[in-house]
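Single-structure report; data block below.
Computed from the coordinates by the stated procedures, all read-outs in this text should not be read as laboratory data. All figures in this text were calculated on a predicted structure; none of them were measured in a lab. Cβ placement follows ideal geometry from the backbone for every residue including glycine, while neighbour counts extend to all protein chains displayed.
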Amino acid sequence: MKIWKRNKSGLVLPVVAAIALCLALLGLGVLQLGFGSRLMSTRTMGGVSARAAADAGVTRALYEMNALFDSASGWGSPLPPDVVDQPLNNSNATYSYRILPRTSEPYLYVQPLTGETIRYRVIESTGELGTQQKTVYATIGIRNLFDYGLIVTDTIDLKSDTLVDGYDTNLGPYTDPPDYTNSHNYIRIGTTSIADNAIWLHQNTQVTGDILAGIGGDIYEVIEETPAGGSITGPWYNLPEPWYFQPIIIPEEPFIPASSIGESTPWDGTGSYRIPEVVTGETTYFQFDNIDVPTGRRLIFLGPVVIVVNQNLELDNAANLFVGEPDATMPNYGLSSSVTIYLNGNLLVRNGGNINNLSRIPLNFQLFGTGTNPGGEDWEIRNSGDYYGIYYGPNANIRTYAVAEFFGAVSGHEFILFNGGRLHYDRALSNIIGYDTGFGIDRLWEKSEFVVATGP
């Protein structure tokens, strides 16, 4: 027993050594795991910081491009210089960017299905932190005041049996069914609101295009469709970028002051009043306190005319506003007249009244709301008829109470299209250089290799 106990006690040291070795190996493994995790975390955070720097480079490049943007020059606007190793605020990361191409002409891409030529530039931005590097590309397009056929800050309410689609005046007049050669084209309608039911689609509503909700809103809460539904060809999604309603700037021209047009106006034997009386071919500028066309009278605008209305514009029962001379026997007869109205108050078209743009070119009638109180202006059309023009009132409640048919583009605070109404967006309006507002991002992605020929 003594011998056995002596041999047994001699085994303690090797066992303790083995246990110590196991613990040492386990500790080393834990340390190695912690070190690896920390190293991976450092690399991940470095990659995140590098990507954040690259995104910051895109944002800075876009800002610099818009700072140099000139609506008259469009794609020919000056480009900012390349930036190298610009430090990112509150970070050790840096970014570099350049605008492609450096020439005055942008890249061109032809849509294979529509044949439409799309112009675009590319921002290439690289962010770096230590050994981490991320490169981001963004295709840039020009934004226009009329990129959307219908855009509001609050509510869109499309009643039963309404139709919203697009066409292109460059291809001729809108074509009615069954000839769809220049109708039922793509349109985008949307609201900047994220409130529930901001867009309401009633029974048998037809929208040939996309429907957009405000940024951050739940599209299935913002957009409400009656169970009977309708025909919506495009997807529902959020606005891809903030949409800003541009402020209305009245031209700095010498406007001819006048009081008002109304009952006391000297209407001629046909019940008409022409502005101006003689067409010179030059743009004339007038300013009125009010315009109220009495029952059965006709207000006729000849040649290019720009008007400021300080208060309201009203057309009484069976009163008509004409853009162009409606009487073929008159010496100024023609369809080339145009009028731009800056309206600070309300618009009211009563039963039987109408706004007649004889050219049927939406660009020839432009109505801009200059009020600054959201929802503070009411534009009401209570008569059916064809309304060719641009209706841009960011703070206006635009409502129809008859089977009205709009051709052009509509922007407002609220838009209600009553039963059987139609809105046909003229896609040609988005190409008017004078209404370009700046550059925006069409696509953003991270890629190791960029090939220009792939298109936007």
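Below are the figures for this structure:
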quantity: Ranked packing of 186-194, 143-151, 71-79, most packed first, by mean Cβ within 10 Å; calculated: 143-151, 186-194, 71-79
quantity: Long-range HN-HN contacts of Y388 with modeled amide H, under 5 Å; calculated: N357, F407
quantity: Computed magnitude of the charge dipole of the chain (debye, nearest 20; Cβ of K, R +1, Cβ of D, E -1); calculated: 3440
quantity: Computed lengthening from Y180 to T233, 0.36 nm per intervening residue step minus Cα-Cα distance; calculated: 17.5 nm
quantity: Rounded if a/c under 1.5, otherwise prolate or oblate - the chain, Cα gyration tensor axes; calculated: prolate
quantity: In Hz, Karplus ³J(HN,Hα) per residue of the range 151-158 (6.51, -1.76, 1.60; θ = phi - 60°; x = Gly, Pro); calculated: 9, 9, 9, 9, 10, 10, 10, 9
quantity: Residues R298, R60, sorted so that the one with the fewest Cβ neighbours within 10 Å comes first; calculated: R60, R298
quantity: ³J(HN,Hα) computed for each position of the range 265-279 - Karplus, 6.51 cos²θ - 1.76 cosθ + 1.60, integer Hz, glycine/proline x; calculated: 5, x, 6, 7, x, 8, x, 10, 9, 10, 10, x, 6, 10, 7
quantity: Simple spin-label estimate for E253 and I441 in nanometres, 7 Å along Cα-Cβ; calculated: 4.0
quantity: Residues R98, R443, sorted so that the one with the fewest Cβ neighbours within 10 Å comes first; calculated: R443, R98
quantity: Nonlocal amide H pairs with S91, under 5 Å, H built at 1.01 Å; calculated: none
quantity: Ranking of V15, V410, V309 by count of other Cβ atoms within 10 Å, fewest first; calculated: V15, V309, V410
quantity: Acute angle (nearest 10 degrees) that the helix 12-67 long axis makes with the longest principal axis of the chain, alpha-carbon atoms; calculated: 20
quantity: Antiparallel content of DSSP bridges confined to the chain, in %, to 5; calculated: 25
quantity: Formal net charge of residues neighbouring P177 (Cβ-Cβ distance under 15 Å; K, R +1; D, E -1); calculated: -4
quantity: Inter-label distance, nm, simple model (7 Å from Cα along the C-beta direction), Y244/Y273; calculated: 4.0
quantity: Amide H within-cut-off set for I187, under 5 Å, with H built and near neighbours excluded; calculated: G209, D210
quantity: Percent RCO, i.e. relative contact order, over the range 150-431, from Cα pairs under 8 Å lying at least 6 residues apart; calculated: 17
quantity: Label-to-label distance, nm, for residues given as N351 and S260 (7 Å Cα→Cβ offset); calculated: 2.4
quantity: FRET efficiency, 1/(1 + (r/R0)^6) with R0 51 Å, evaluated for L171 and Y63 via beta carbons; calculated: 0.90
